[in-house]
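This report concerns only the one structure given below.
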Amino acid sequence: MKELARQRFDEACDHDRAGREEEAIPCYLEALELGLGDPWRQQALLGLGSSYRNMLRHADAISVLRKATAEYPDDDALRVFLTLALWSGGREREAFELLGKVVVDNADLRGYRRAASTYFDHIE
C-alpha cells in the first residue's frame, strides 16, 4: 500500500508540474488516504494546498495548509503557502501576521526580534 501511495504522489507531482492542478488534487488525496509517509506526506500536503489555491478553492487550501502547519509546525514552506492561501482568500491581515511570524522566526533582526514580533502581533 505504501508503494501505491508513493506512486499516486509521484503522479500528483507530475500533474502539478505540468500545470494540471485539477488532475493533481485527486492523486494527492489518494496518496494521503493510502498512508503516504514522511517526508513525502509534508510535500503532498503542501502540493494539495497549493493546487487548491491555484484552482481558486481558497477555503480548501486554507483548511489543508492550516492542518498541515499544525502537524508540522517547523515547516516554513507550509507556513508560507498558508500565507499565500490566506491572502488569495481575502484574509490579508491574517496572511500578513503569519508571514511576519515566519520572518521573525528566520530573519537576522540584530536584537529587534521581540520588537518586530510585538509589531506583527498588533497589526492594525
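The values are calculated or read from the model by the stated rules, or taken from the named source; none is laboratory data. Keep in mind it's a predicted model, so treat the numbers as computed, not measured. We place every Cβ from the backbone using ideal geometry, glycine too, and count neighbours over all the protein chains shown. Note: accessible area is taken over every heavy atom of the protein model, side chains too, but ligands, DNA and RNA are not part of it. Shrake-Rupley method; radii C 1.70, N 1.55, O 1.52, S 1.80 Å.
The residues of the chain expose on average 60 square angstrom of accessible surface per residue, using a 1.4 Å probe on protein heavy atoms. Quick one: if the Förster radius is 30 Å, what FRET efficiency do Y112 and K67 give, using the C-beta to C-beta distance and rounding to 0.05? With a Förster radius of 30 Å, E is 0.40.
Here the Gaussian network model covers the chain, with springs between Cα atoms less than 10 Å apart; of A24, A77, A107, A107 fluctuates the most. Of the trypsin sites (Lys or Arg not before Pro) found in the stretch 49-124, the ones in coil according to DSSP and having at most 13 other Cβ atoms within 10 Å of their Cβ are R110.
Would you please give the FRET efficiency between V80 and R6, computed as 1/(1 + (r/R0)^6) with r the Cβ-Cβ distance and R0 = 30 Å, to the nearest 0.05?
Working: r = 25 Å, r/R0 = 0.83.
Calculated value: 0.75.
Taking a ≥ b ≥ c as the square roots of the eigenvalues of the Cα gyration tensor, the stretch 24-78 is classed as oblate, since a/c reaches at least 1.5 and a/b does not exceed b/c.
For the chain, the longest principal axis of the C-alpha atoms and the axis of helix 2-17 are separated by about 70°. Assign one of three labels to the stretch 44-107, namely rounded, prolate or oblate, based on the Cα gyration tensor with a ≥ b ≥ c the square roots of its eigenvalues; rounded applies when a/c is under 1.5, prolate when it is not and a/b is larger than b/c, and oblate otherwise. Taking the square roots of the gyration eigenvalues as a ≥ b ≥ c, the stretch 44-107 is oblate.
Carbon-plus-sulfur fraction of the accessible area of the stretch 5-124, 1.4 Å probe, in percent? The C+S portion of the solvent-accessible surface of the stretch 5-124 is 52 percent. Overall shape of the chain was characterised from the C-alpha gyration tensor. The equivalent ellipsoid obtained from it has semi-axes of 30, 16, 10 Å, in decreasing order. Contact order for the chain, expressed relative to its length and based on alpha carbon pairs under 8 Å spaced 6+ residues apart, stands at 17 percent. Build a GNM of the chain with springs between Cα atoms under 10 Å apart, and of G100, G111, G49 the one that fluctuates most is G111.
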